[in-house]
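Nothing in this text is a laboratory measurement; each read-out follows from the coordinates by a stated rule. Small disclaimer: the values here were computed from a predicted structure and weren't measured. We place every Cβ from the backbone using ideal geometry, glycine too, and count neighbours over all the protein chains shown.
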Amino acid sequence: MEETTLNDLTQKYSKGAIAIHWLTTILILVLFPLGKYMEDLSPADKMGLIRIHIILGIIVFVLTIVRTYLFFKAPRPEDIKTGSKFNDKLAVWIHNAFYFLLFGIALSGIGSMILGGYGEAMQMGDPESILPHGDVPPLAAHGAMATIMMLLLILHVAGVIKHYLMKKENTLRRMF
Ligand code: HEM
């Protein structure tokens, strides 16, 4: 496919940022359905899955901290130009929102773990310590932010596809 010169696609993100981008994508695509699936299980049935969810979630948290460091310290390619001022801003806004949401989701997850008795349940191997969802305020925020993030993820992917179709530019080249 012939390419236009709206953006310089030879500019790439740093190797670390690229690795974290894809690793986080995979982990989020596991964590979200896992979280939703666990919701309806009894505490005794979900103990093992919660352990996996917490470990993978903490990995995402650590990766997000490193990614935030790279955001400020590693060279970054220029923001994509789409030909529309609104879409230019929307893309940057969505990228930035991912950082805030990932921090919010991780911190509310850790809050839920502590306040919801999950930590104790894991340590003692006792599912009885887990409180009902309604008694764990950060869990509602955790679920809401995770859902918003998945909606933004759909927009993020739609943006890449739309740009490819309309402008004939494969912006993914900057992410490999
Ligand atoms: C990007 C990372 C994460 C995503 C996408 C995610 C997603 C979710 C979702 C969708 C739910 C169901 C919430 C609901 O709608 O009620 C959930 C539940 C939960 N998450 Fe996460 N989560 C992430 C990270 C974490 C972290 C870092 C922790 C803790 C260290 C954590 C702890 C929990 C706990 C304790 C539950 C409740 C499980 C239950 O009792 O059913 N999550 N998560």
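The local environment of ASN87, defined by Cβ-Cβ distances under 14 Å, has a net charge of +2 under the rule Lys, Arg +1 and Asp, Glu -1.
A prolate overall shape is assigned to the range 115-176, the ratio a/c of its alpha-carbon gyration tensor axes (a ≥ b ≥ c) being 1.5 or greater and a/b exceeding b/c.
From helices alone, the chain scores -25000 deg cm²/dmol at 222 nm; the rule is -39500 (n - 2.57) for each run of n ≥ 4 DSSP H residues, then divide by the residue total. Cross-link partners of LYS89 among aspartates and glutamates, defined as those whose alpha carbon lies under 19 angstrom from its own and excluding same-chain residues fewer than eight positions apart: ASP8, GLU78, ASP79, GLU169.
Karplus-derived 3J(HN,Hα) values for the range 158-168, using 6.51 cos²θ - 1.76 cosθ + 1.60 with θ = phi - 60°, are 4, x, 4, 5, 4, 4, 5, 6, 7, 10, 6 Hz; glycine and proline are entered as x.
Each residue of the range 84-90 is assigned a 3J(HN,Hα), and the resulting list reads 10, 4, 4, 5, 4, 5, 4 Hz, derived from the Karplus form 6.51 cos²θ - 1.76 cosθ + 1.60 (θ = phi - 60°), x at Gly and Pro.
Look at the dipole of the range 15-175 built from charges on Cβ: of TYR164, PRO132, PHE61, the Cα furthest out on the positive end belongs to TYR164. Take the Cβ atoms of ASP135 and ILE59, set R0 to 22 Å, and the FRET efficiency comes out at 0.20. Here the Karplus curve 6.51 cos²θ - 1.76 cosθ + 1.60, taken at θ = phi - 60°, turns the phi angles of the range 44-54 into couplings of 5, 6, 9, 3, x, 5, 4, 4, 4, 4, 5 Hz, with x standing for Gly and Pro. Under 17 Å of direct C-alpha separation, and excluding same-chain neighbours fewer than eight residues apart, LYS12 reaches these lysines: LYS73, LYS81. Taking N as the residue count of the chain, its C-alpha radius of gyration divided by 2.2 N^0.38 Å amounts to 1.21. How would you classify the range 1-82 from its alpha-carbon gyration tensor, with a ≥ b ≥ c the square roots of the eigenvalues: rounded for a/c under 1.5, else prolate if a/b is greater than b/c, otherwise oblate? It comes out prolate by the Cα gyration axes.
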